[in-house]
1. Can you name the number of the only condition in (1) modelled with pLDDT under 95; (2) not in a helix (DSSP H, G or I) that Glu68 fails?
2. Filter region 29-68 down to residues that are closer than 19 Å to Met92 by Cβ and among the small types (Gly, Ala, Ser) and give me whichever is surrounded by the fewest Cβ atoms within 10 Å (Cβ to Cβ).
3. Identify all residues within region 87-97 that are open to solvent by 60 Å² or more (accessible area, probe 1.4 Å) and either part of a loop (DSSP other than H, G, I, E, B) or touching a helix residue (DSSP H, G or I) at 6+ places or on another chain (Cβ under 8 Å) (or both); write none if there are none.
4. Which ones in region 11-28 are modelled with pLDDT of 50 or more, open to solvent by less than 50 Å² (accessible area, probe 1.4 Å) and over 19 Å from His49 (Cβ atoms)?
5. Residues in region 34-65 that are among the hydrophobic types (A, V, I, L, M, F, W, C) and more than 13 Å from Cys97 (Cα to Cα): how many?
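The values are calculated or read from the model by the stated rules, or taken from the named source; none is laboratory data. Because the structure is predicted, anything quoted here is derived from the model rather than measured. Counting neighbours? That spans all protein chains shown, and the Cβs are built from the backbone with ideal geometry, glycine included. Note: areas computed on protein heavy atoms with side chains; ligands, DNA, RNA excluded. Shrake-Rupley method; radii C 1.70, N 1.55, O 1.52, S 1.80 Å.
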Amino acid sequence: MLFVAAFFAAVGMASMSKAESGQYLGSDSCMDCHDQEYENFKKHSKKAHSGESVKLMQGDLTKQELEECYECHMTGFGKPGGFVSFEETPQMAEAGCETCHGPGYDHVESGGDPDLIKGKLEISDCEGCHNPDRVAAFDFKPLLFGGAH
């Protein structure tokens, strides 16, 4: 009986850690199943090129300022599988799909389980980056939901 309880506890813990891995993969991992959304994102979204503006300014910024830029302009900065640097993780040097939809590893590994990714976005999902402080500081008008898909 103890063996059976231990087995189910181990299985439960294994599935919990898988479902909550928080691992980022990069937007290219979305392409095979979401080809139209991926193409629209790459073609029309300014987020698909957001790392370029940071790269241009990086020489004029302190490390702390640069990391503040990375939080919004890069995918998964400071998180498992996320952006580390332009040299080490160039595929994460954009505000890619996972920036809005969350880490994709579990979703991809499950074969596309919709419960393992944020599918439908709400304004509150955007406000971490698109908030009044940042809008005022950079004098821009964010195009929430614009151009991605």
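1. Among (1) modelled with pLDDT under 95; (2) not in a helix (DSSP H, G or I), the lone unmet condition for Glu68 is (2).
2. Per the stated criteria, the residue is Ser53.
3. Applying the first criterion (open to solvent by 60 Å² or more (accessible area, probe 1.4 Å)) to region 87-97 yields 87-88, 90-91.
Listed by number, the residues that qualify are Glu87, Glu88, Gln91.
4. In the first step, residues of region 11-28 are kept if they are modelled with pLDDT of 50 or more; the result is 20-28.
With open to solvent by less than 50 Å² (accessible area, probe 1.4 Å) added as a condition, the list becomes 21-22, 24, 26-27.
Within region 11-28, Ser21, Gly22 qualify.
5. First, pick out the residues of region 34-65 that are among the hydrophobic types (A, V, I, L, M, F, W, C): 41, 48, 54, 56-57, 61.
Then keep just the ones that are more than 13 Å from Cys97 (Cα to Cα); that gives 54, 56-57, 61.
Within region 34-65, residues that are among the hydrophobic types (A, V, I, L, M, F, W, C) and more than 13 Å from Cys97 (Cα to Cα) number 4.
Yes or no, residue by residue, for (1) open to solvent by 60 Å² or more (accessible area, probe 1.4 Å); (2) free of Cβ contacts under 8 Å to residues at least 60 places away in the same chain; (3) in a loop (DSSP other than H, G, I, E, B):
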| residue | (1), (2), (3) |
| --- | --- |
| Gly82 | no, yes, yes |
| Ser85 | no, yes, yes |
| Thr99 | no, yes, no |
| Asp106 | no, no, no |
| Gly111 | yes, yes, yes |
| Lys120 | yes, yes, yes |
| Gly128 | no, yes, yes |
